[in-house]
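The values are calculated or read from the model by the stated rules, or taken from the named source; none is laboratory data. A quick note: this is a predicted structure, and the numbers were derived from the prediction, not measured. With ideal geometry, Cβ positions are generated from the backbone for all residues, glycine too; neighbour counts draw on all protein chains shown.
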Amino acid sequence: MIVKISPSQAFGRVKAPPSKSMAHRLLICGALSKQSVISGVAFSKDIEATLGCLKALGARINIENDTVTIGGIDINNPPNDNKMFCNESGSTLRFLIPLCLLFGHSFTLGGSQRLMERSLSVYDEICKNQGITFSQSATSLSLCGKLSAGKYTVRGDISSQFISGLMFALPLLQQDSIIEITGKLESASYLNLTVKALADFGVQITRYDERTFYIKGNQTYKSRKLKVEGDYSNAAFLEAFNLVGGNVAVSNLSKISAQGDRVYKKMMDEIREGTPTLDISDCPDLAPVLIASAALKNGAVFTGTHRLKIKESDRGAAMAEELSKFGCDITVFENKIVVPKCKMYSPKLPLSSHNDHRIAMALSVIASVYGGEIYGAQAVSKSFPDYFERLNSLGIKTEVITLNET
C-alpha cells in the first residue's frame with residue numbers, strides 16, 4: 001500500500017489509541033486468571049498475534065467490540081494445539097516463551113524472518129542451563145521442557161521483554177524465584193508496566209533494589225475487569241504535527257501512567273526550543289518521531305540508540321536513508337545519532353516504511369510539510385491500524401493507493 005501525503009496541517013482533537021504495551025500485559029494476565037474482562041482493546045496485528053497464541057495455550061476468548069473476555073489457561077493441562085504464530089510481534093514471542101515452558105510440553109512458535117532475527121539469547125542460555133530444548137530456525141522456534149524456579153541473572157541492556165516474560169511465568173511455579181539484572185538497565189519503564197499489570201491481577205513482585213526482583217511462587221492470577229489506557233507511544237506521532245504549525249490536542253492519556261514514552265512531551269519541547277542532547281535508552285520507540293521532529297526543527301543529538309538496530313527495522317539506518325531523500329543527512333554511530341539543522345526539500349524518490357510502523361508514521365510528519373509517497377504504509381497496522389484515517393480527519397491530505405498483488 002502506498003500513502004501519498006500532500007503538504008497540509010493538522011488541527012483538532014483526537015483520542016490516543018489504546019496502549020499496545022498495556023494491552024499485551026493485561027491480556028496475558030487475564031488469560032492466566034479464571035476469567036477477566038479487558039475493555040478498550042485495539043486489535044492491531046501485534047495484539048491479534050498475542051490473542052492467537054493465548055488461545056493456543058488454552059485460553060477461552062470472547063470478543064465483543066473493543067472488549068475481550070479471557071481466561072482459563074491451566075498450566076497443569078497442556079493444550080492440544082502446540083503451534084503458535086507470533087507474526088512480527090517481539091512482545092508476543094518474548095512474553096510467551098516462559099509461559100510455554102510452564103507446561104513441560106513441546107511447542108513451536110512461528111514468526112516472520114525479521115522477528116526470528118531479533119535476539120533470544122537470554123532464553124537460549126536459560127534453556128541450556130536447565131536442559132530445555134531450544135531450537136531456532138529462520139522462521140520458527142521449538143521448545144520442549146519445564147521451567148524451574150530459582151535465581152535468574154539477566155542482562156539489562158538487551159531487552160526488558162525477557163525480564164517481563166519471566167515475571168509472568170515465575171509466580172506460577174511452586175517455589176520462589178529471584179531475577180537479578182546485570183549491566184545497564186534499559187527500558188526500565190516497561191518493567192514498571194509489567195509489575196503494575198501483575199499487581200492489578202493480584203500477583204506481587206517485590207523489588208529489593210533497582211536490579212533485584214523477588215517473586216514468590218504458588219501465586220494465583222485473580223479475575224479482574226480492567227480498561228486499557230491510552231498509548232503515549234503513538235500519541236507522540238499525533239502531537240509531532242504541532243511542531244510544524246498544527247494544533248492537535250490528544251486525549252485519552254492517563255496523567256499517572258507508568259508508560260516511559262510519556263516523556264515525549266518534554267523531549268519535543270526541548271526540540272522546539274533548541275538543539276538538545278537527549279538520552280532515549282529508556283524510550284527507544286520514540287526514536288523515529290523524535291529524529292523526524294529534530295530534522296524539521298533545529299537538529300538534536302540522540303544517545304542510547306544502539307538497540308534501534310534490533311527493532312522492526314534498523315531504525316537509525318532507516319531514518320538516515322529516508323531523511324536523505326529530503327536533503328537531510330544524519331550521522332548514525334554505534335550508540336548515538338546526530339541530526340543537524342537541515343535545509344529540507346520535497347523528495348524526488350518514493351519513501352519506504354522499511355516494513356516498520358514507526359518509520360511509516362514518522363515519515364508522515366515530514367511529508368505533511370514537504371509531501372511524499374510512503375511505500376509499505378500498511379506497516380502501521382502493527383500498532384495503529386487507522387492511523388492514516390485519523391490524520392485525514394485532522395486535515396492532513398492523504399491519498400491511499402492499494403497496489404495490485406501479482
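Of note:
- Residue tally, condition of a type in the set (S, T, N, Q) and exposed (fewer than 14 other Cβ atoms within 10 Å of the Cβ), over the range 115-127: 1
- Qualifying residue in the range 137-146 (condition: farther than 24 Å from Ala31 by Cα and either aliphatic (A, V, I, L, M) or without any contact (Cβ under 8 Å) to a residue 12 or more places away in the chain (or both)): yes
- Residue that is surrounded by the fewest Cβ atoms within 10 Å (Cβ to Cβ) [pool: residues in the range 47-83 that are in contact with a strand residue (DSSP E or B) (Cβ under 8 Å, 6 or more places away or on another chain) and under 23 Å from Asp356 (Cβ atoms)]: Gly52
- Residue tally, condition of a type in the set (Val, Ile, Thr) and in contact with an Asp or Glu (Cβ under 9 Å, 6 or more places away or on another chain), over the range 222-267: 4
- Looking only at the range 324-337, and only at residues there that are farther than 17 Å from Arg307 by Cβ and among the hydrophobic types (A, V, I, L, M, F, W, C), the one that is surrounded by the most Cβ atoms within 10 Å (Cβ to Cβ): Phe326
- Restricted to the range 128-195, the set of strands (runs of 3 or more DSSP E) holding at least 2 residues that are in the same structural domain as Thr50 (by TED's automatic domain parsing) and buried (at least 20 other Cβ atoms within 10 Å of the Cβ) comprises 140-144, 151-155, 177-182.
Let's see how each residue does on (1) in a helix (DSSP H, G or I); (2) outside the structural domain of Leu120 (by TED's automatic domain parsing); (3) crowded, with 23+ Cβ neighbours inside 10 Å:
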position	(1), (2), (3)
Met267	yes, yes, yes
Asp282	no, yes, no
Leu286	yes, yes, yes
Ile291	yes, yes, yes
Phe302	no, yes, yes
Ser313	no, yes, yes
Met319	yes, yes, yes
Glu322	yes, yes, yes
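- Complete set of residues in the range 99-114 that are buried (at least 22 other Cβ atoms within 10 Å of the Cβ) and either part of a helix (DSSP H, G or I) or of a type in the set (Ser, Thr, Tyr) (or both): Leu99, Cys100
- For Gln378: the one exception among (1) at pLDDT below 95; (2) closer than 14 Å to Val289 by Cβ; (3) not hydroxyl-bearing (Ser, Thr, Tyr); (4) not in a loop (DSSP other than H, G, I, E, B): (2)
- Note on the range 84-98: residues that are crowded, with 22+ Cβ neighbours inside 10 Å and of a type in the set (Phe, Trp, Tyr) amount to 1.
- Filter pass, Arg13 being crowded, with 24+ Cβ neighbours inside 10 Å, under 30 Å from Ala240 (Cβ atoms) and among the basic types (Lys, Arg): no
- Among the residues making up the range 140-169, those that are aliphatic (A, V, I, L, M) and touching a Leu at 6+ places or on another chain (Cβ under 8 Å) are Leu141, Leu143, Leu147, Ala149, Val154, Ile163, Met167, Ala169.
- Within the range 155-212, the set of residues being without any contact (Cβ under 8 Å) to a residue 24 or more places away in the chain and small (Gly, Ala, Ser) comprises Ala199, Gly202.
- Lone qualifier among Asn218, Asn234 - being free of Cβ contacts under 8 Å to residues at least 60 places away in the same chain and closer than 30 Å to Val37 by Cα: Asn218
- Any hit, the range 249-261, residues being part of a strand (DSSP E or B), surrounded by 13 or more Cβ atoms within 10 Å (Cβ to Cβ) and in the same structural domain as Ala317 (by TED's automatic domain parsing): yes
- Within the range 7-14, not a single residue is closer than 25 Å to Leu253 by Cβ, aromatic (Phe, Trp, Tyr) and modelled with pLDDT under 95.
- Checking each residue in the range 197-244 for being within 17 Å of Val41 (Cα to Cα) and either more than 25 Å from the chain's Cα centre (by Cα) or not charged (D, E, K, R) (or both) picks out Ala197, Leu226, Val228, Gly230, Tyr232, Ser233, Asn234, Ala235.
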